[in-house]
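Below is one structure, written out as structure tokens, with a few remarks after it.
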Amino acid sequence: MRTGKFMARSEQPFALYQKIKKSVVKDIDSGKLIPDDRVPSETQLARAFNASRMTANRALKELTEEGRIVRVQGVGTFVARPKPEAALLEIKSIAKEITDWGGVHSSQIIVLKQENIGAQIASKMDLKVDDDIFHSIIVHKDRGIPVQYSERFINPRVAPDYLNQDFKKITPSDYLLEIAQVQQAEHIIEAVNCKKNIQKHLNIKPDEPCISLTRRTWSYDMVATYSIIISPGSRYKLVGKFIRG
């Protein structure tokens with residue numbers, strides 16, 4: 001009669017990848033590796049554990065899915081910070097959110113221009129097709145790592161000087177909240193797979209799940225802004241709290 005040893009060969013890769021995972025987790029939990037520290041690469045782990053790169057890749061992939069590490073294409077693998085909690089019901093500057101969780105904010109301006117509005121956006125903003133609209137796309141980063149892709153359409157009647165602002169020094173939210181009090185806001189949250197151009201701006205892989213927050217705001221009794229805000233799920237989370245008055 002054959003014993004359980006018959007399965008030993010097929011169990012070995014599983015046990016080895018678990019061993020790699022446990023080693024990395026031990027280094028994180030012990031403080032040997034702290035948030036933002038670089039984690040050994042697939043090649044380094046494969047060599048250290050006498051394993052294949054595929055086995056090391058599986059270990060790192062699962063640690064990424066568990067939120068213990070962050071893998072940035074072309075940069076490396078790092079110990080994850082505790083995932084920051086962004087305000088959902090409150091409209092808050094991304095720069096302040098990043099500062100509050102201990103990060104360093106910077107931004108990359110992709111689009112900042114006036115254009116004629118199309119039918120889809122016109123319907124969202126209660127405007128007519130071909131009306132003038134201000135359009136901005138800005139990627140917000142924490143210590144150089146993209147955490148948010150923010151596309152905004154702004155009613156020029158609400159913020160006529162929007163295009164003249166230096167959005168490397170002030171965020172659109174900071175500026176708009178300063179000049180136009182929000183009367184009403186609408187939020188729609190979805191889990192999405194990003195389009196290729198957004199994946200590139202966020203420096204993420206095609207299968208990285210993202211959070212999409214679509215927001216409309218009203219000021220001066222008109223739709224002031226329509227925004228599509230997208231963040232990698234591994235780097236950001238939204239939290240809402242409601243207190244009954």
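The numbers here are math on the coordinates, done by the rules we state, and not lab data. Note that the structure is a prediction, hence the values are computed from the model and not measured. Neighbour counts run over all protein chains shown; Cβ positions are idealised from the backbone, glycine included.
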**Request:** Going by C-beta contacts inside 10 Å, put M54, M222 in order with the fewest on the left.
**Result:** M54, M222
**Prompt:** Taking trypsin sites (Lys or Arg not before Pro) as exposed when DSSP calls them loop (any state but H, G, I, E, B) and at most 16 other Cβ atoms lie within 10 Å, what is the longest stretch of the chain free of them, the sites themselves excluded?
**Reply:** 33-91
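Provide L176, L112 in ascending order of the number of other Cβ atoms located within 10 Å of each residue's Cβ, fewest first. All intermediate terms of the calculation are to be shown ahead of the outcome.
Values: L176 24, L112 17.
Neighbour counts put them in this order, fewest first: L112, L176.
Would you kindly state how much longer the chain becomes between Q108 and M222 on full extension, computed as 0.36 nm times their sequence separation minus their alpha carbon distance, in nm to one decimal?
Value of the extension gain: 38.1 nm.
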**Message:** My understanding is that a pair violates if its Cα-Cα distance is over 26 Å; which of K92/K205; K128/K205; K113/K141; K32/K96 do that in this structure?
**Reply:** K92/K205; K128/K205; K32/K96
**Asked** Can you tell which of P172, N203, V111 lies farthest toward the positive end of the dipole of the chain, using +1 and -1 charges on the Cβ of basic and acidic side chains (Lys, Arg; Asp, Glu)?
**Response** N203
**Item:** Loop sites in the stretch 133-222: chymotrypsin sites (Phe, Trp or Tyr not before Pro), DSSP, at most 14 other Cβ within 10 Å
**Value:** Y220
**Reported label for calculated Rg and Dmax of the Cα atoms in Å given (i) 22.6, 84; (ii) 17.8, 62; (iii) 20.0, 68** = (i)
**Request:** Run the dipole for the chain about the Cα centre, Lys and Arg Cβ at +1, Asp and Glu Cβ at -1, nothing else charged, and hand back the magnitude in debye, nearest 20.
**Result:** 1560
**Prompt:** How much length is gained if the chain between Q183 and D207 is pulled fully straight, taking 0.36 nm per residue apart and subtracting their Cα-Cα distance, in nm to one decimal?
**Reply:** 4.9 nm
**Fill in**
Expressed in µm² per second, the diffusion coefficient of the stretch 153-238 from the Stokes-Einstein equation, with Rh the Kirkwood radius over alpha carbon pairs, at 4 °C and 1.567 mPa s, is 90
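Take the chain, mark every one of the GluC sites (Glu not before Pro) that falls in a DSSP loop and has at most 15 other Cβ within 10 Å, then report the longest stretch left between them, sites excluded. Each step should come with its number before you reach the end.
Working: sites that count: E66, E90.
That would be 91-245.
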**For the stretch 12-53 versus the stretch 114-162, the gap between their alpha-carbon centres in whole angstrom** = 44
**Asked** What ranking of I110, I204 emerges when the number of other C-beta atoms within 10 Å of each C-beta is taken as an exposure proxy, fewest first?
**Response** I110, I204
